Amino acid sequence: MKKVRQDKIKIIKFIYKLGILLFAFLLAMIMWDVSYSPWWNEGDEGRIKLLIIAALYSIVYHVLAKMYHAYRIGEYRLTDLAYFHLLCFGMADMFLYVEATIYYHKPVFILPILKIFIVQLTGMMVVTFGFNRWIMKYMLPIRTIIIYGKHDYERLAKKIRALKKVHILTGCLSEDEDKQELEKAIDNCDKVYLYEVNDRCKKYYINYCENKDAELYITRDIEEILASEYEISHSLDIPFMRKRREAVRWYYPAAKRLADIIFSLCGLIIMSPVLLAVALCIKLYDKGPVLYKQTRLTAGHKTFKIFKFRSMVIDAEKAGAQLASRNDDRITPVGKFIRMTRIDEFPQLLNVIKGDMSIVGPRPERPEIEEEYLKELPEFGLRLKVKAGLTGYAQVFGKYNTTPYDKLRLDLLYINEQSVLLDLKLMVWTIKILFIPESTEGIEDGKRTASDVSRGFKKN
């Protein structure tokens, strides 16, 4: 019965993906044919050209939809899927506009694309809603358990409970529980999270789950992440691991710097009307300075002055360095908006052009906050192996209030895996989180300093 249900779900997902792609293909054909170049005026050559343009549009849309998980019907909330498709159609339509501009050797009217964009969103929402109702008839909530170690597992439990239509949290068990009880819980679930458990427990339950249907998720220690920098050495008959001599490709630094300059200049030019409007709003609100300058750290422990739009009241830190909390009364009304949309970060493109930062990399910390984190997490200094950045794994997959330990793990993953392709992926993924309020959620009220936040998150 379970196998039959899973097969039906796979078929529905395949039909949904095929339907969305066909929908995108046909609308691209209609838009180009009606608004830019009617194929009947160009004969067979025009028809072939139309098919090629629509096919290219569909390929771009498909690649974006895969990256943004827009096909994962039944796994995300409808609002999330709508947002993912909005981004995919928006960027694919921009691609089509560039195609039309190149075709005619001059800028073309953008109104047809805006009209079709509304049709795309309306049609996609109707299709997604219908398919979601269809697939939910066969999808049962995934029975999930958490086996936790010394760390607080409530943050993970809260996230799982929020997806109640997809997951049902059947238990949260300590690694110190009776082994038979833990095995019984695993036997009766579909998904297992091993959350910060000790090595002995991790090894045992990895082996145990190998022969079970349960899907296993494991957190990685910093040591395990650092070990991913190593490769197998074949020089002896004993299997050794050797640190890779070349962490990145020889061309990567130059390519990254070139991309930083191009994307920063384009971003400042495209966003200039918005940035000027924000600067005016900040100035009119309290007559204070528009930009906020602050000392931060980058590669090699070098310091620089970071630029941000001021989102807090004047002299917000006269009592010392404090992190923003959820209901921080120091944040101005204008500041709430620009923090939520990440517009306050855009002046940092000037830092990127100057060479202080990169587009992708670990977020730069203040020296005094870095010092506090190092007391609890000595490995935190490893983030300074590369240049600080605007976005990265920690920004895409974490939040403002993600613990320092988790941010460190995400940053180290990026440092070990950095490449041109990964940088491009992270830039595209960043667009996805720009308008998600949860991603800028502050730390808990009452925890203002770095030591308050970092305390208790060191791996035991």
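Can you tell me which residue is nearest to Tyr76 (Cα to Cα) among those in the range 187-202 that are among the aliphatic types (A, V, I, L, M) and part of a strand (DSSP E or B)?
Result: Val192.
Tell me, which residue of the range 126-155 that is exposed (fewer than 13 other Cβ atoms within 10 Å of the Cβ) and part of a loop (DSSP other than H, G, I, E, B) is nearest to the chain's Cα centre (by Cα)?
The residue in question is Leu140.
Here is a list of conditions, (1) more than 26 Å from Lys407 (Cβ to Cβ); (2) in the same structural domain as Ile147 (by TED's automatic domain parsing), and Ile206 meets all of them except one; can you say which number that is?
With (1) more than 26 Å from Lys407 (Cβ to Cβ); (2) in the same structural domain as Ile147 (by TED's automatic domain parsing) applied to Ile206, the lone miss is (1).
Can you name every residue in the range 367-407 that is buried (at least 17 other Cβ atoms within 10 Å of the Cβ), more than 15 Å from Thr298 (Cα to Cα) and hydrophobic (A, V, I, L, M, F, W, C)?
Of everything in the range 367-407, those that are buried (at least 17 other Cβ atoms within 10 Å of the Cβ), more than 15 Å from Thr298 (Cα to Cα) and hydrophobic (A, V, I, L, M, F, W, C) turn out to be Leu377, Ala394, Val396.
Within the range 253-301, how many residues are polar (S, T, N, Q) and either under 24 Å from the mean Cα position of the chain (by Cα) or not assigned by TED's automatic domain parsing to the domain that holds Gly355 (or both)?
Total meeting the criteria: 2.
Among the residues of the range 113-134, is there at least one that is within 25 Å of Asn211 (Cβ to Cβ) and out of contact with any Ser or Thr (no Cβ under 7 Å at 6 or more places or on another chain)?
No, every residue in the range 113-134 fails to be within 25 Å of Asn211 (Cβ to Cβ) and out of contact with any Ser or Thr (no Cβ under 7 Å at 6 or more places or on another chain).
Condition first: touching a Leu at 6+ places or on another chain (Cβ under 8 Å) and either surrounded by fewer than 16 Cβ atoms within 10 Å (Cβ to Cβ) or under 15 Å from Met124 (Cβ atoms) (or both). Can you find one or more residues in the range 9-27 that meet it?
No, there is no match, as no residue in the range 9-27 is touching a Leu at 6+ places or on another chain (Cβ under 8 Å) and either surrounded by fewer than 16 Cβ atoms within 10 Å (Cβ to Cβ) or under 15 Å from Met124 (Cβ atoms) (or both).
Kindly check whether there is at least one residue in the range 131-142 that is in contact with a His (Cβ under 8 Å, 6 or more places away or on another chain) and not acidic (Asp, Glu).
Checking the range 131-142: at least one residue is in contact with a His (Cβ under 8 Å, 6 or more places away or on another chain) and not acidic (Asp, Glu).
Would you call Gln348 modelled with pLDDT of 90 or more and of a type in the set (S, T, N, Q)?
yes
Kindly provide the set of residues from the range 261-311 that are assigned to a helix (DSSP H, G or I) and of a type in the set (Gly, Ala, Ser), ordered by number.
Residues satisfying the conditions are Ser264, Gly267, Ser272, Ala277, Ala279, Ala299, Gly300.
Criterion first (more than 21 Å from Gly267 (Cα to Cα), in the same structural domain as Phe337 (by TED's automatic domain parsing), modelled with pLDDT of 90 or more and not in a helix (DSSP H, G or I)) does Glu379 satisfy it?
Considered against the rule, which asks whether it is more than 21 Å from Gly267 (Cα to Cα), in the same structural domain as Phe337 (by TED's automatic domain parsing), modelled with pLDDT of 90 or more and not in a helix (DSSP H, G or I), Glu379 comes out as no.
If the requirement is being free of Cβ contacts under 8 Å to residues at least 40 places away in the same chain and closer than 19 Å to Val34 by Cβ, which of these qualifies: Leu96, Leu111, Leu169, Leu182?
Just a single option satisfies the conditions, and that option is Leu111.
Please pick out the residue among Glu224, Glu229 that is touching a residue at least 40 places away in the same chain (Cβ under 8 Å), within 30 Å of Asp199 (Cα to Cα) and surrounded by 13 or more Cβ atoms within 10 Å (Cβ to Cβ).
Step by step, each of Glu224, Glu229 is checked, and only Glu229 is touching a residue at least 40 places away in the same chain (Cβ under 8 Å), within 30 Å of Asp199 (Cα to Cα) and surrounded by 13 or more Cβ atoms within 10 Å (Cβ to Cβ).
Here is a check on your reading of the model: is Leu56 touching an Asp or Glu at 6+ places or on another chain (Cβ under 9 Å), at pLDDT 90 or above and part of a helix (DSSP H, G or I)?
In short, yes.
Looking at Leu51, Leu87, Leu81, can you tell me which residue is in contact (Cβ under 8 Å) with a residue 40 or more places away in the chain, out of contact with any Ser or Thr (no Cβ under 8 Å at 6 or more places or on another chain) and of a type in the set (A, V, I, L, M)?
Leu87
Across the range 156-186, what is the number of residues that are part of a helix (DSSP H, G or I) and over 23 Å from Glu75 (Cα atoms)?
Qualifying residue count, the range 156-186: 7.
Being within 30 Å of Asn351 (Cα to Cα) and either assigned to a strand (DSSP E or B) or at pLDDT below 80 (or both), is that true of even one residue in the range 224-241?
Yes, because at least one residue in the range 224-241 is within 30 Å of Asn351 (Cα to Cα) and either assigned to a strand (DSSP E or B) or at pLDDT below 80 (or both).
The values are calculated or read from the model by the stated rules, or taken from the named source; none is laboratory data. Values in this document were obtained by computation on a predicted structure and should not be read as measured data. So basically every Cβ, Gly included, is an ideal-geometry build from the backbone, and we count neighbours across all protein chains shown.
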